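These notes concern the structure reproduced below.
The values are calculated or read from the model by the stated rules, or taken from the named source; none is laboratory data. A quick note: this is a predicted structure, and the numbers were derived from the prediction, not measured. Here the Cβ is made from the backbone with ideal geometry for all residues, glycine too, and neighbour counts use every protein chain on show. For the accessible areas, the whole protein counts, side chains as well, though only heavy atoms, and no ligand, DNA or RNA atoms are used. Shrake-Rupley method; radii C 1.70, N 1.55, O 1.52, S 1.80 Å.
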Amino acid sequence: MKTYDYNELAVAGVRELKPYTPGKPTSELEREYGVSKSIKLASNENPLGASPRAIAAIRDELDDLWLYPDANGYFLKKTLAEYHDLDPACITLGNGSNDVLVFLAQVFLSPGLEAVFSQYCFAVYPIATQMVGATPSVAPALPRDHVMPLGHDLRALYERVGPDTRLVFVANPNNPTGTWLDGARLKDFVGSLPPHVICVVDEAYTEYAESDALGDASTWLHEFPNLVVTRTFSKAYGLAGLRVGYALSNPGVADLLNRVRPAFNVNSLALTAANAAIGDHEFIERSRQLNSRGIVQLCQGLEALGAKCIPSAANFILAEFDRSGAELNEQLLRAGVIVRPVGNYGLDNYLRITIGTAAQNDRMLGALKDILAS
Ligand SMILES: *Cc1c(COP(=O)(O)O)cnc(C)c1O
(Lines give C-alpha, C1' and ligand atoms only; values in the text may rest on other atoms or scores of the structure.)
Protein backbone atom coordinates (compact mmCIF):
# COMPACT_ATOMS: atom_id res chain seq x y z
CA MET A 1 0.00 0.00 0.00
CA LYS A 2 1.29 3.40 -0.94
CA THR A 3 1.61 5.75 2.01
CA TYR A 4 1.58 9.45 1.45
CA ASP A 5 3.55 12.13 3.12
CA TYR A 6 0.36 13.92 4.05
CA ASN A 7 2.29 17.06 4.80
CA GLU A 8 3.00 17.22 1.06
CA LEU A 9 -0.72 16.98 0.34
CA ALA A 10 -1.61 19.80 2.73
CA VAL A 11 -2.22 23.24 1.21
CA ALA A 12 0.86 25.46 1.32
CA GLY A 13 -0.29 27.73 4.16
CA VAL A 14 -1.05 24.80 6.46
CA ARG A 15 2.23 22.99 5.70
CA GLU A 16 4.16 25.88 7.27
CA LEU A 17 1.76 26.44 10.15
CA LYS A 18 2.78 26.18 13.80
CA PRO A 19 -0.26 25.53 15.98
CA TYR A 20 -1.32 27.93 18.74
CA THR A 21 0.32 27.08 22.10
CA PRO A 22 -2.34 27.17 24.82
CA GLY A 23 -1.79 27.45 28.58
CA LYS A 24 -1.54 24.11 30.35
CA PRO A 25 -4.70 23.09 32.25
CA THR A 26 -4.15 22.42 35.98
CA SER A 27 -5.46 18.84 35.55
CA GLU A 28 -2.71 18.14 32.98
CA LEU A 29 -0.01 19.61 35.22
CA GLU A 30 -1.21 17.51 38.16
CA ARG A 31 -1.24 14.36 36.00
CA GLU A 32 2.20 14.97 34.51
CA TYR A 33 4.06 16.36 37.52
CA GLY A 34 2.27 14.60 40.38
CA VAL A 35 1.61 17.91 42.16
CA SER A 36 -1.67 18.98 43.72
CA LYS A 37 -3.39 22.29 44.52
CA SER A 38 -1.81 23.87 41.48
CA ILE A 39 -2.79 27.32 40.24
CA LYS A 40 -3.05 28.59 36.68
CA LEU A 41 -2.06 32.14 35.78
CA ALA A 42 -1.46 31.30 32.15
CA SER A 43 -4.50 32.03 29.99
CA ASN A 44 -5.75 35.43 31.17
CA GLU A 45 -8.84 33.89 32.72
CA ASN A 46 -10.83 35.85 35.30
CA PRO A 47 -9.85 34.67 38.82
CA LEU A 48 -13.36 35.61 40.05
CA GLY A 49 -14.83 32.96 37.76
CA ALA A 50 -17.81 33.57 35.49
CA SER A 51 -20.36 36.37 35.76
CA PRO A 52 -22.93 35.08 38.33
CA ARG A 53 -25.74 36.35 36.11
CA ALA A 54 -24.44 34.20 33.26
CA ILE A 55 -24.33 31.10 35.47
CA ALA A 56 -27.89 31.69 36.70
CA ALA A 57 -29.13 32.18 33.15
CA ILE A 58 -27.74 28.93 31.74
CA ARG A 59 -29.31 26.85 34.52
CA ASP A 60 -32.69 27.69 32.99
CA GLU A 61 -31.42 26.64 29.58
CA LEU A 62 -30.37 23.08 30.43
CA ASP A 63 -33.71 21.45 29.59
CA ASP A 64 -33.44 22.74 26.03
CA LEU A 65 -30.03 21.25 25.21
CA TRP A 66 -31.59 18.87 22.66
CA LEU A 67 -32.52 21.84 20.46
CA TYR A 68 -30.14 23.47 18.01
CA PRO A 69 -29.12 26.96 19.08
CA ASP A 70 -30.62 30.00 17.33
CA ALA A 71 -28.32 30.14 14.30
CA ASN A 72 -28.72 33.91 14.09
CA GLY A 73 -28.27 34.59 17.80
CA TYR A 74 -31.26 36.96 17.72
CA PHE A 75 -31.43 37.80 21.43
CA LEU A 76 -27.70 38.18 21.98
CA LYS A 77 -27.36 40.38 18.90
CA LYS A 78 -30.30 42.49 20.07
CA THR A 79 -28.67 43.02 23.49
CA LEU A 80 -25.27 43.75 21.95
CA ALA A 81 -26.82 46.17 19.46
CA GLU A 82 -28.40 48.12 22.32
CA TYR A 83 -25.21 48.00 24.35
CA HIS A 84 -23.13 49.41 21.47
CA ASP A 85 -25.90 51.58 20.01
CA LEU A 86 -25.54 49.89 16.61
CA ASP A 87 -27.84 47.96 14.29
CA PRO A 88 -27.88 44.14 14.86
CA ALA A 89 -26.81 43.85 11.18
CA CYS A 90 -23.38 45.18 12.26
CA ILE A 91 -22.69 42.11 14.42
CA THR A 92 -21.02 38.77 13.61
CA LEU A 93 -21.03 36.22 16.41
CA GLY A 94 -18.07 33.92 16.89
CA ASN A 95 -17.12 30.79 18.78
CA GLY A 96 -14.79 33.02 20.75
CA SER A 97 -13.42 36.08 18.98
CA ASN A 98 -10.75 33.74 17.57
CA ASP A 99 -13.52 32.52 15.27
CA VAL A 100 -14.26 35.96 13.81
CA LEU A 101 -10.54 36.64 13.32
CA VAL A 102 -10.45 33.51 11.13
CA PHE A 103 -13.59 34.62 9.23
CA LEU A 104 -11.85 37.93 8.46
CA ALA A 105 -8.89 36.06 6.97
CA GLN A 106 -11.18 33.72 5.00
CA VAL A 107 -13.18 36.61 3.56
CA PHE A 108 -10.43 39.11 2.78
CA LEU A 109 -7.17 37.18 2.30
CA SER A 110 -5.84 34.68 -0.23
CA PRO A 111 -2.42 33.83 -1.73
CA GLY A 112 -0.82 37.01 -3.04
CA LEU A 113 -2.58 39.25 -0.51
CA GLU A 114 -1.11 40.52 2.76
CA ALA A 115 -2.07 41.08 6.37
CA VAL A 116 -0.08 43.60 8.39
CA PHE A 117 0.50 43.22 12.12
CA SER A 118 3.12 44.00 14.73
CA GLN A 119 5.99 41.99 16.08
CA TYR A 120 4.84 40.53 19.46
CA CYS A 121 1.19 40.62 18.40
CA PHE A 122 -1.44 38.02 19.34
CA ALA A 123 -0.43 34.64 17.82
CA VAL A 124 -3.80 34.13 16.13
CA TYR A 125 -3.16 36.90 13.55
CA PRO A 126 -0.25 35.12 11.86
CA ILE A 127 -2.02 31.76 12.13
CA ALA A 128 -5.21 33.06 10.46
CA THR A 129 -3.14 34.77 7.76
CA GLN A 130 -1.00 31.74 6.95
CA MET A 131 -3.81 29.20 7.00
CA VAL A 132 -5.42 30.91 3.99
CA GLY A 133 -2.06 31.13 2.19
CA ALA A 134 -1.73 34.92 2.51
CA THR A 135 1.50 36.73 3.36
CA PRO A 136 2.18 38.10 6.85
CA SER A 137 3.86 41.50 6.84
CA VAL A 138 5.33 42.16 10.27
CA ALA A 139 6.07 45.68 11.51
CA PRO A 140 8.83 46.01 14.12
CA ALA A 141 7.52 46.74 17.63
CA LEU A 142 8.52 49.81 19.63
CA PRO A 143 11.98 49.40 21.18
CA ARG A 144 12.57 48.07 24.68
CA ASP A 145 13.51 51.54 25.99
CA HIS A 146 10.35 53.22 24.68
CA VAL A 147 7.68 54.34 27.21
CA MET A 148 5.49 51.62 25.67
CA PRO A 149 8.22 48.97 25.33
CA LEU A 150 7.51 46.22 22.73
CA GLY A 151 4.17 47.87 21.91
CA HIS A 152 2.63 48.45 18.49
CA ASP A 153 4.37 51.15 16.41
CA LEU A 154 1.60 52.77 14.35
CA ARG A 155 4.07 54.46 12.01
CA ALA A 156 5.85 51.15 11.31
CA LEU A 157 2.48 49.47 10.72
CA TYR A 158 1.45 52.22 8.30
CA GLU A 159 4.69 51.81 6.36
CA ARG A 160 3.95 48.12 5.72
CA VAL A 161 0.59 48.86 4.10
CA GLY A 162 0.66 48.46 0.31
CA PRO A 163 -1.60 47.68 -2.66
CA ASP A 164 -1.86 43.98 -1.70
CA THR A 165 -2.70 44.66 1.95
CA ARG A 166 -6.26 43.78 2.89
CA LEU A 167 -6.15 43.52 6.68
CA VAL A 168 -4.26 45.26 9.47
CA PHE A 169 -4.59 43.62 12.89
CA VAL A 170 -4.13 45.81 15.96
CA ALA A 171 -4.83 44.70 19.55
CA ASN A 172 -5.62 47.38 22.13
CA PRO A 173 -4.38 46.44 24.67
CA ASN A 174 -2.08 43.86 23.09
CA ASN A 175 -1.44 40.29 24.18
CA PRO A 176 1.26 39.12 25.13
CA THR A 177 2.75 42.55 25.90
CA GLY A 178 -0.15 44.24 27.75
CA THR A 179 0.85 47.51 26.05
CA TRP A 180 -1.78 49.85 24.65
CA LEU A 181 -2.34 52.56 22.08
CA ASP A 182 -3.69 56.01 22.73
CA GLY A 183 -7.26 56.05 21.39
CA ALA A 184 -6.93 59.35 19.53
CA ARG A 185 -3.76 58.20 17.78
CA LEU A 186 -5.28 54.85 16.88
CA LYS A 187 -8.33 56.64 15.47
CA ASP A 188 -6.08 58.83 13.29
CA PHE A 189 -4.31 55.67 12.11
CA VAL A 190 -7.59 54.01 11.08
CA GLY A 191 -8.59 57.21 9.25
CA SER A 192 -5.25 57.31 7.41
CA LEU A 193 -5.59 53.84 5.86
CA PRO A 194 -6.60 53.52 2.21
CA PRO A 195 -10.21 52.31 1.74
CA HIS A 196 -9.16 48.84 0.46
CA VAL A 197 -7.49 48.08 3.81
CA ILE A 198 -9.63 46.85 6.70
CA CYS A 199 -8.36 47.67 10.17
CA VAL A 200 -9.24 45.07 12.79
CA VAL A 201 -9.08 46.52 16.30
CA ASP A 202 -9.08 43.63 18.77
CA GLU A 203 -10.45 44.84 22.12
CA ALA A 204 -10.36 41.51 23.98
CA TYR A 205 -9.15 43.18 27.20
CA THR A 206 -10.84 46.57 26.93
CA GLU A 207 -13.02 46.05 30.03
CA TYR A 208 -9.86 45.95 32.17
CA ALA A 209 -8.48 49.30 31.02
CA GLU A 210 -8.35 51.73 33.94
CA SER A 211 -8.27 54.92 31.91
CA ASP A 212 -10.18 56.35 28.95
CA ALA A 213 -6.88 56.80 27.11
CA LEU A 214 -7.40 53.67 24.99
CA GLY A 215 -10.67 54.93 23.58
CA ASP A 216 -13.54 52.72 22.41
CA ALA A 217 -13.13 51.83 18.74
CA SER A 218 -16.74 50.58 18.57
CA THR A 219 -17.84 54.25 18.70
CA TRP A 220 -15.84 55.05 15.52
CA LEU A 221 -17.70 52.60 13.28
CA HIS A 222 -20.00 55.32 11.91
CA GLU A 223 -16.95 57.17 10.61
CA PHE A 224 -14.91 54.33 9.13
CA PRO A 225 -16.47 51.73 6.80
CA ASN A 226 -13.14 49.86 6.82
CA LEU A 227 -13.07 49.36 10.62
CA VAL A 228 -13.83 46.05 12.35
CA VAL A 229 -13.82 45.81 16.15
CA THR A 230 -13.65 42.46 17.93
CA ARG A 231 -14.71 41.75 21.51
CA THR A 232 -14.91 38.62 23.64
CA PHE A 233 -16.69 37.18 26.65
CA SER A 234 -13.62 35.05 27.48
CA LYS A 235 -11.68 37.56 29.53
CA ALA A 236 -13.40 40.04 31.91
CA TYR A 237 -16.79 38.30 31.65
CA GLY A 238 -15.18 35.03 32.69
CA LEU A 239 -16.80 32.84 30.03
CA ALA A 240 -13.70 31.43 28.30
CA GLY A 241 -15.03 27.86 28.52
CA LEU A 242 -18.21 28.66 26.62
CA ARG A 243 -16.47 30.24 23.60
CA VAL A 244 -18.27 33.38 22.55
CA GLY A 245 -17.06 36.62 21.01
CA TYR A 246 -18.12 38.96 18.21
CA ALA A 247 -17.14 41.42 15.53
CA LEU A 248 -18.68 44.85 14.99
CA SER A 249 -18.42 46.30 11.51
CA ASN A 250 -20.49 47.99 8.83
CA PRO A 251 -23.39 45.75 7.68
CA GLY A 252 -21.72 44.99 4.32
CA VAL A 253 -18.65 43.52 6.01
CA ALA A 254 -20.83 41.71 8.57
CA ASP A 255 -22.81 40.15 5.72
CA LEU A 256 -19.58 38.77 4.22
CA LEU A 257 -18.35 37.46 7.57
CA ASN A 258 -21.68 35.76 8.17
CA ARG A 259 -21.42 33.93 4.83
CA VAL A 260 -18.40 31.95 6.04
CA ARG A 261 -19.66 31.60 9.63
CA PRO A 262 -20.78 28.01 10.35
CA ALA A 263 -24.52 28.21 11.05
CA PHE A 264 -24.45 27.01 14.66
CA ASN A 265 -21.01 28.28 15.67
CA VAL A 266 -22.19 29.69 19.01
CA ASN A 267 -23.91 27.12 21.22
CA SER A 268 -27.12 27.77 23.13
CA LEU A 269 -25.50 28.01 26.59
CA ALA A 270 -22.97 30.50 25.26
CA LEU A 271 -25.69 32.64 23.66
CA THR A 272 -27.70 32.70 26.89
CA ALA A 273 -24.70 33.29 29.16
CA ALA A 274 -23.32 36.12 27.05
CA ASN A 275 -26.72 37.77 26.84
CA ALA A 276 -26.99 37.78 30.65
CA ALA A 277 -23.36 38.76 31.24
CA ILE A 278 -23.40 41.90 29.12
CA GLY A 279 -25.55 43.68 31.72
CA ASP A 280 -23.48 42.52 34.69
CA HIS A 281 -21.76 45.85 35.31
CA GLU A 282 -21.22 45.03 38.98
CA PHE A 283 -19.19 41.91 38.09
CA ILE A 284 -17.10 43.77 35.51
CA GLU A 285 -16.42 46.54 38.02
CA ARG A 286 -15.40 44.02 40.69
CA SER A 287 -13.15 42.25 38.17
CA ARG A 288 -11.49 45.49 37.13
CA GLN A 289 -10.82 46.53 40.71
CA LEU A 290 -9.35 43.17 41.67
CA ASN A 291 -7.19 43.35 38.56
CA SER A 292 -5.92 46.85 39.28
CA ARG A 293 -4.86 45.88 42.78
CA GLY A 294 -3.30 42.70 41.41
CA ILE A 295 -1.24 44.56 38.81
CA VAL A 296 0.29 46.73 41.55
CA GLN A 297 0.89 43.70 43.78
CA LEU A 298 2.50 41.65 41.00
CA CYS A 299 4.63 44.45 39.61
CA GLN A 300 5.95 45.45 43.01
CA GLY A 301 6.61 41.82 43.88
CA LEU A 302 8.28 41.03 40.57
CA GLU A 303 10.47 44.13 40.63
CA ALA A 304 11.53 43.32 44.20
CA LEU A 305 12.77 40.01 42.75
CA GLY A 306 14.77 41.84 40.07
CA ALA A 307 12.37 41.36 37.16
CA LYS A 308 11.28 44.21 34.89
CA CYS A 309 7.58 44.69 34.13
CA ILE A 310 6.21 45.97 30.82
CA PRO A 311 3.32 48.43 31.46
CA SER A 312 -0.04 46.65 31.13
CA ALA A 313 -3.64 47.76 30.60
CA ALA A 314 -4.81 44.13 30.54
CA ASN A 315 -5.20 41.32 33.09
CA PHE A 316 -1.64 40.02 32.79
CA ILE A 317 1.92 41.24 33.10
CA LEU A 318 4.81 40.57 30.77
CA ALA A 319 7.93 40.40 32.94
CA GLU A 320 11.56 40.26 31.85
CA PHE A 321 14.10 38.18 33.76
CA ASP A 322 17.87 37.78 33.62
CA ARG A 323 17.46 34.16 32.53
CA SER A 324 15.45 31.87 30.29
CA GLY A 325 11.69 32.09 30.70
CA ALA A 326 11.36 28.47 29.58
CA GLU A 327 13.55 27.31 32.47
CA LEU A 328 11.76 29.48 35.02
CA ASN A 329 8.48 28.13 33.68
CA GLU A 330 9.66 24.54 34.16
CA GLN A 331 10.64 25.25 37.77
CA LEU A 332 7.35 27.02 38.46
CA LEU A 333 5.45 24.02 37.05
CA ARG A 334 7.22 21.80 39.58
CA ALA A 335 6.02 24.19 42.29
CA GLY A 336 2.46 23.83 40.96
CA VAL A 337 2.26 27.27 39.34
CA ILE A 338 1.36 27.57 35.67
CA VAL A 339 2.36 30.78 33.87
CA ARG A 340 3.05 31.35 30.17
CA PRO A 341 6.52 31.16 28.64
CA VAL A 342 6.62 33.36 25.52
CA GLY A 343 9.65 32.03 23.63
CA ASN A 344 7.28 31.27 20.72
CA TYR A 345 6.81 35.06 20.42
CA GLY A 346 10.58 35.63 20.36
CA LEU A 347 10.55 36.75 24.01
CA ASP A 348 12.98 34.23 25.49
CA ASN A 349 13.72 35.88 28.83
CA TYR A 350 10.12 36.78 29.57
CA LEU A 351 7.09 35.25 31.24
CA ARG A 352 3.50 36.35 30.78
CA ILE A 353 1.69 36.10 34.10
CA THR A 354 -2.08 36.46 34.46
CA ILE A 355 -3.28 38.56 37.40
CA GLY A 356 -4.89 36.19 39.91
CA THR A 357 -6.48 36.73 43.30
CA ALA A 358 -4.24 38.33 45.93
CA ALA A 359 -3.55 34.85 47.36
CA GLN A 360 -2.68 33.38 43.94
CA ASN A 361 -0.38 36.31 43.16
CA ASP A 362 1.35 35.77 46.51
CA ARG A 363 1.74 32.07 45.85
CA MET A 364 3.31 32.76 42.45
CA LEU A 365 5.68 35.39 43.87
CA GLY A 366 6.68 33.04 46.70
CA ALA A 367 7.45 30.21 44.29
CA LEU A 368 9.43 32.53 42.06
CA LYS A 369 11.39 33.90 45.01
CA ASP A 370 12.44 30.37 46.04
CA ILE A 371 13.48 29.55 42.47
CA LEU A 372 15.49 32.74 41.99
CA ALA A 373 17.21 32.27 45.38
CA SER A 374 18.32 28.66 44.72
C1 LIG B 1 -7.77 35.98 24.46
C2 LIG B 1 -7.71 36.85 23.26
C3 LIG B 1 -8.70 36.84 22.29
C4 LIG B 1 -9.97 36.09 22.43
O5 LIG B 1 -10.00 34.82 22.52
P6 LIG B 1 -11.41 34.08 22.45
O7 LIG B 1 -11.45 33.28 23.69
O8 LIG B 1 -11.34 33.29 21.19
O9 LIG B 1 -12.50 35.12 22.38
C10 LIG B 1 -8.62 37.69 21.21
N11 LIG B 1 -7.59 38.52 21.08
C12 LIG B 1 -6.63 38.59 22.00
C13 LIG B 1 -5.55 39.59 21.83
C14 LIG B 1 -6.64 37.74 23.10
O15 LIG B 1 -5.65 37.77 23.99
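The convex hull drawn around the Cα atoms of the range 103-207, when projected onto a plane and averaged over every direction, covers 6.2 nm².
Starting from the range 1-97, pick out the trypsin sites (Lys or Arg not before Pro) whose DSSP state is loop and whose Cβ has at most 15 other Cβ atoms within 10 Å. Answer by residue number: Lys2, Lys37. Which FRET efficiency value, to the nearest 0.05, is calculated for His222 and His146 with the Förster distance at 41 angstrom and r the Cβ-Cβ distance? Once the sixth-power term is evaluated, E becomes 0.80. For the residues Ser192, Ser36, Ser249, a 1.4 Å probe over the protein chains yields an accessible-area ranking, largest first, of Ser36, Ser192, Ser249. Considering only Gly245, Tyr125, Asn275, the residue lying farthest towards the positive end of the dipole of the range 52-277 is Tyr125, judged by Cα position with unit charges set on Cβ. With the whole protein complex present, Trp220 retains an accessible surface near 20 Å², based on a 1.4 Å probe. If you take all other residues with their beta carbon under 12 Å from the beta carbon of His84, and give Lys and Arg +1 and Asp and Glu -1, the sum is -2. Taking every lysine pair in the chain that is 8 or more places apart or spans two chains, those with Cα atoms closer than 15 Å amount to 4. When the Gaussian network model of the chain links Cα atoms closer than 10 Å, the mean-square fluctuations of Val197, Val132, Val11 top out at Val11. Converting the Cα gyration tensor eigenvalues of the range 223-329 into ellipsoid dimensions via √(5λ) gives semi-axes, longest first, of 35, 18, 15 Å.
For the range 273-331 versus the range 55-129, the inter-centroid distance based on Cα atoms is 25 Å. Using a probe of 1.4 Å, the accessible surface attributed to Asp362 totals some 90 Å² when neighbouring protein chains are kept in position.
Provide Phe316, Phe264 ordered by accessible surface of protein heavy atoms (probe 1.4 Å), highest first.
Listed by decreasing accessible area, they come as Phe264, Phe316.
Antiparallel beta bridges, as assigned by DSSP with both residues in the chain, represent about 50 percent of the total such bridges. Tell me which GluC sites (Glu not before Pro) from the range 13-109 have a DSSP coil assignment and no more than 14 other beta carbons within 10 Å of their own. Counting only loop positions with at most 14 other Cβ atoms within 10 Å, the GluC sites (Glu not before Pro) in the range 13-109 are Glu16. One compactness figure for the range 52-277 is 1.00, namely its Cα radius of gyration divided by 2.2 N^0.38 Å.
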